[in-house]
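One structure is given below, encoded as structure tokens.
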Amino acid sequence: MDWMRKHTAVVIWVIVAAFGVGVVWWSVGAYIGGQGATQNVNQAPSPSQAIALVTKGGTPLSYQYWIMPTDFNNYMQSVNSNYKNTYGQEPDPLFVEPQLELNAINTLVDQKIIDYFAKQSNITVSKSDVDNQVNSIVSQYKNNPQVLNYINQQYGSLQNFENYIRPQVEENLITQRVMSLVVNVTQNDVKNYYETNKATIENTYDQVKIAHISLSSEATAQKVVNLIKSGALTFNEAAKEYSLDTTTSASGGEVGWLTRHQVESALGSGIFSATPGSVIGPIQTNYSWEIVKVEAKKLYDNFDSVVQATSIYNTLVNDVKQQKFNEWLANYKNQNKFSYQLEGQVLPYFKEYYSIPATDTSKLEQFIQNMKSYIYPSNQATVNTSVDARLLALFVTALEQYKSDLNKQYAPVLSYHANKGSFPATYVGVPVDVLQKQLNEVQNSLNAATGTKFTKLFNEQTDLQTAINFNKAVQALNKEGYTTDEQINAQYDKYTNLISQINDQLKQVLTAIYQLVPYSTVAVSKLYSLDPSNQKVALSYFENQYNLLKPIISNPQTYQMYASQINPMFSYVVSGLQSLSYTAQSTSIKQGALITLISIAQDLNSPQQELTYLKQLKAINPNYQGIDQVIAQVESMITPKSTYTKAATVSTASPVATNLIPSPQATQFK
């Protein structure tokens, strides 16, 4: 019963060290945490022992170019660790992990092909080269007690760790030497890359150094701006006296250097175009009214400025080198007919599915029909639950893609059906270019219109846009040979029947997956979207969604930063749980919803709300273990003078009366 106590967990992430550029990357995370059995180098393995066999012209290469379980498992360790660091959760075992595994195999196969080229080209690395690289990597950790201790726990000694990473270091060095042989990057290559990716490069590398003053209203912000511009206060003095951002006010509002990615869009265009030394604002953001002093800027809006910034230029050189190397590798694989054979019963199906061209709906249909033969054996109506759940998940993915393809294929039919009769009949048959010209005129007039004229023009704009969509659909359908209402309606009926069949199959298979693997968060989300009335699934869905939000919600400063983005979802989750706590037919579902709501109240530091849910829980289950002691403990925390800024105290009379969503302005973090 985790909700009965609060825990503080300290997680130490091991530093990830990557070196070199190439298809294969290395990190300490790939090796920490587990060591698989090693292959006896004196004994050739059998194909059945391998994960994948690299082939050339359809014939498997020698076993040195096979992907063995040890290499694969080590690589997947790193992949899963990076996934968790990025998304805050483990990859879904059915819908995500097989894709990650297939991507890992593709990467490892590419490395084997690079090794093959290196051997054919007599490219080698010396022992001293490997020693130097290993020493360089290990030296990063010798002075870090936490990481060093972790390595010793996992490998017994630093020397064991060095021995373990040595083969991967050697492969990486070989890759770099192959790259140096087959790729040549000129400054003109880098310039072309810069021009093609200019917006992305500017967003990544442009920087502005600012100080800011955060205020609660436009009136107060304007007052402070006037004080600064009149000379009554310096910016530094105004920040110390007025700014609500207590983390920067003491230093005169100093924030430091920020990239375009780190600046809210409402501020970005203003501060990056402002002259250093100028004060701009007030500007309204998601959280406050801001006054900003632009102190300095580093802009890379032309190639010469990038060349002068050595570190950025070198990064772009590496980007271009990697891009050209990937192109070389693709050509080399194609010219020499390299591929690979997958062993096992599951991943070969994933490989087949992801090799289907995005535009080839007929191949997708055939793939689905083939899978149906064992998911619905002998044309039975029920799902064969003895099938590996990962294959059931792949079937769902294929059906969803087919559904998406149908939506594109039948887009004119859907547009015709949606827009017919919803605009004045006088627009029917009018050429699209004529309607577009009228729409442009209306939109130009709309900008200066007010009152009833604005309403009239707005409605006319809507009618014209609807008519354009309808007439475009008619043109497209006529080209396909559908010229009458009867023909088009027949196509619409065909579409709706197909979508209905797909949805039925999706619901059947997802229900089977949920029964087999109820912890698949992706399966729960998909099933909930198809059948939100299933209260057991709904509870799992809301619990899963809150688990994703929890790291943000439980950290006031992080929550303050992302409140505007997550509050809509957070509100939806809380409302859903509250509804289940009152309306669920099953006592266990009510209880589960209340337990999650209690955890939310704890994370929001709202003992009054926690007490409300605890009493609800006792009402439906008086014998719940420890409930009376917890209620007494929470009651002792609440005094008449207590106030809680993160959550409102509410009545239990109605589920809609509860409001657990904290206001960003209610926190101390600005």
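The values are calculated or read from the model by the stated rules, or taken from the named source; none is laboratory data. Keep in mind the model is a prediction, meaning the values are calculated, not measured. Positions of Cβ are generated from backbone atoms using ideal geometry, with glycine treated the same way; all protein chains shown enter the neighbour counts. Heads up: the accessible areas ignore ligands, DNA and RNA and are worked out on the full protein's heavy atoms, side chains in. Shrake-Rupley method; radii C 1.70, N 1.55, O 1.52, S 1.80 Å.
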Completion exercise
As straight-line cross-link partners of Lys56, the qualifying aspartates and glutamates (C-alpha separation under 13 Å, not fewer than 8 residues apart within one chain) are Asp110
Practice task
Show which lysines lie in cross-link reach of Lys536 when reach means a straight Cα distance below 22 angstrom and same-chain residues fewer than eight apart are skipped.
Solution key: Lys507, Lys526, Lys550, Lys590, Lys618
Handout entry: Backbone HN-Hα couplings from phi across region 440-451 [Karplus 6.51/-1.76/1.60, Hz, Gly and Pro as x]
Key = 4, 5, 5, 5, 5, 6, 5, 4, 9, 7, 9, x
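Over region 484-612, average the accessible area per residue using a 1.4 Å probe and give it in Å², no decimals.
Details: 5530 Å² over 129 residues.
That works out to 43 Å² per residue.
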Completion exercise
Heavy-atom accessible area of the chain with neighbours in place, 1.4 angstrom probe: carbon+sulfur share in percent works out to 49
Practice task
Under a cut-off of 12 Å between alpha-carbon atoms, report the aspartates and glutamates in cross-link reach of Lys112, not counting same-chain residues fewer than 8 places apart.
Solution key: Asp71, Glu171
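So for region 68-215, averaging the separation of alpha carbon pairs under 8 Å that are six or more residues apart and normalising by length, what relative contact order in percent results?
Once normalised by length, the contact order is 20 percent.
When ligands, DNA and RNA are left out and all protein chains stay put, how many square angstrom of accessible area per residue does region 205-333 have with a 1.4 Å probe? Walk me through the intermediate numbers first.
Working: 6260 Å² over 129 residues.
Result: 49 Å² per residue.
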Fill in the blank from the handout: Of the candidates Gln436, Tyr416, Ser529, the farthest towards the positive dipole end of region 416-558 (Lys/Arg Cβ +1, Asp/Glu Cβ -1, centred on the Cα centre) is Ser529
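Going highest first, how would you order 454-461, 289-296 by mean Cβ packing within 10 Å? If you can, show how the numbers build up before the last one.
Working: 454-461: 14.8, 289-296: 21.6.
Going by the mean number of other Cβ atoms within 10 Å, highest first, we get 289-296, 454-461.
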Problem - Mean separation of Cα contacts under 8 Å (6+ apart) over length of region 428-505, as relative contact order % - result: 31
Fill in the blank from the handout: Asserting the computed 222 nm helical MRE of the chain (DSSP H runs at least 4 long, -39500 (n - 2.57) per run, divided by residue count, to nearest 500) equals -20000 deg cm²/dmol
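What's the extension gain from Tyr582 to Thr275 if we count 0.36 nm per residue and subtract their Cα-Cα distance? Write down the numbers at each step before the final one.
Numbers: separation 307, 0.36 × 307 = 110.52 nm, distance 5.80 nm.
Full extension of this stretch gives 104.7 nm more.
Which of the peptides 613-625, 515-527 is most tightly packed, and how do the rest follow, judged by the mean count of other Cβ atoms within 10 Å per residue?
Listed from highest to lowest mean packing, they are 515-527, 613-625.
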Fill in the blank from the handout: In terms of the charge dipole of region 527-637, which places +1 on Lys and Arg and -1 on Asp and Glu at the beta carbon, the residue among Thr587, Thr612, Leu577 farthest towards the positive end is Thr587
Practice task
Compute the length gained on full extension between Gln501 and Ser48: take 0.36 nm times their separation in residues and subtract their Cα-Cα distance, giving the result in nm to one decimal.
Solution key: 159.2 nm
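Where nothing but the Cβ of Lys and Arg (+1) and of Asp and Glu (-1) is charged, how large is the charge dipole of the chain around its Cα centre, in debye to the nearest 20?
Working: 47 positive and 51 negative charges, 87 e Å.
Here the size comes out at about 420 debye.
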Fill in the blank from the handout: In nm, the gap between the two label points placed 7 Å beyond Cα toward Cβ at Gln159 and Ser136 is 2.5
Handout entry: Which labelled figure in (1) 272; (2) 320; (3) 190 is volume of the Cα convex hull per residue in Å³, once derived from the coordinates
Key = (1)
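How big is the charge dipole of region 76-124 about its Cα centre, in debye rounded to the nearest 20, if each Lys and Arg gets +1 on its Cβ and each Asp and Glu gets -1 on its Cβ?
Working: 3 positive and 6 negative charges, 48 e Å.
Dipole size: approximately 240 debye.
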Exercise for the section: Go through 572-579, 190-197 and give me the packing order, highest mean Cβ count within 10 Å leading. Expected result: 572-579, 190-197
Handout entry: Entries of Lys437/Lys494; Lys119/Lys191; Lys229/Lys298 with Cα pairs more than 27 Å apart
Key = Lys437/Lys494; Lys119/Lys191
Handout entry: In Hz, Karplus ³J(HN,Hα) per residue of region 109-118 (6.51, -1.76, 1.60; θ = phi - 60°; x = Gly, Pro)
Key = 5, 4, 5, 5, 5, 4, 4, 4, 4, 4
Practice task
Could you tally the net charge around Lys84, taking each other residue with its Cβ under 14 Å from the Cβ of Lys84, Lys/Arg +1 and Asp/Glu -1?
Solution key: -3
Completion exercise
Note, region 423-434: 3J(HN,Hα) by Karplus (6.51, -1.76, 1.60, θ = phi - 60°), whole Hz, Gly/Pro = x, goes 8, x, 5, 5, 7, 5, x, 5, x, 4, 5, 5
